[in-house]
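Engineer: Below is a structure I'd like to ask you about.
What follows is calculated from the coordinates using simple rules that are stated; it is not laboratory data. Keep in mind the model is a prediction, meaning the values are calculated, not measured. Methodologically, a virtual Cβ is constructed for each residue, glycine included, from the backbone with ideal geometry; neighbour enumeration extends over all protein chains shown.
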Amino acid sequence: MSIIQWTEAMSVGVEALDNDHKHLIHLINGLHYSDTGFFEVFNELLDYTCTHFEREENHLEAIGYPGLDGHRTQHDVFTNQVGAMLKRYREEGLSETDQSVSDFLWSWLKSHILIEDMKYAAWTKARHTL
Ligand SMILES: [Fe+2]
């Protein structure tokens, strides 16, 4: 997988959350393109994902977003999936050329931001233009 990038089309209109998304993308790139070991970066990615989801859910709660429960479920499913992947790779090892991890993480994050996160961004915008 080549280096992935955050684009303006991914902006949710909240700087702290955009910065989180940028950092997550940076970490996904780091899985295969940094000098730090794969598992260290993967651990950091899982940690930061949890921190980000919490921040995002707190924000959605604060603004009274009606889709919060469904959104939270998506976060929980992903966190569990990534935790299970990390455990499996720790136990079974990982080929250094294996790109499926970053491919999976990136395709999930990209579609989550562009579809699910955009729903709360659009809802917030619509509310402010009423
Ligand atoms: Fe989200």
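Engineer: Pick from Asp20, Asp35, Asp117: which residue has the top mean-square fluctuation in a GNM of the chain where Cα pairs under 10 Å get a spring?
Structural biologist: Fluctuation is largest for Asp35.
Engineer: Would you mind computing Rg(Cα) / (2.2 N^0.38 Å) for the stretch 9-61, counting N as its residues? Before the final figure, lay out the partial values.
Structural biologist: Numbers: Rg = 12.1 Å, N = 53, 2.2 N^0.38 = 9.9 Å.
Here the answer is 1.22, to two decimals.
Engineer: Further question on the same structure: Which residue, Ala16, Ala62, Ala84, tops the fluctuation ranking in a GNM of the chain built on C-alpha contacts under 10 Å?
Structural biologist: Taking springs between Cα atoms under 10 Å, the residue moving most is Ala62.
Engineer: Expressed as an acute angle from 0 to 90° and rounded to the nearest 10, what is the orientation of the C-alpha long axis of helix 38-62 relative to the principal long axis of the chain?
Structural biologist: That helix lies at roughly 10 degrees to the long axis.
Engineer: At 20 °C and 1.002 mPa s, what whole-number value in µm²/s does Stokes-Einstein give for the translational diffusion of the stretch 11-128, with Rh from the Kirkwood sum over Cα pairs? Intermediate results must be reported in sequence, preceding the final value.
Structural biologist: Working: Rh = 15.1 Å.
Roughly 142 µm²/s, to the nearest whole number.
Engineer: Identify all lysines with a Cα-Cα distance to Lys87 below 22 Å; exclude those on the same chain that are fewer than 8 residues away in sequence.
Structural biologist: Counting by Cα, and skipping residues close in sequence, Lys87 has no lysines nearby.
Engineer: Here's something else I'd like to know. Lysines near Lys119 by alpha-carbon distance under 29 Å, same-chain residues fewer than 8 away left out - which ones?
Structural biologist: Candidates past the 8-residue exclusion: Lys22, Lys110.
Engineer: Okay, next question. Grab the beta carbon distance between His128 and Lys22, set R0 = 22 Å, and tell me the FRET efficiency rounded to 0.05. Write out the running numbers ahead of the final one.
Structural biologist: On the way: r = 24 Å, r/R0 = 1.08.
My answer for the efficiency is 0.40.
Engineer: How large is the dipole of the stretch 11-128 about the Cα centre if only Lys and Arg carry +1 and Asp and Glu carry -1, each at its Cβ, rounded to the nearest 20 debye?
Structural biologist: 420
Engineer: Could you tell me how far the Cα centroid of the stretch 20-45 sits from the Cα centroid of the stretch 70-130, in Å?
Structural biologist: Each part's Cα centre sits 14 Å from the other's.
Engineer: Quick check: net charge around Gly30, other residues with Cβ under 11 Å of its Cβ, Lys/Arg +1 and Asp/Glu -1? If you can, show how the numbers build up before the last one.
Structural biologist: Numbers: positive: none; negative: Asp35, Glu40, Glu44.
Local net charge: -3.
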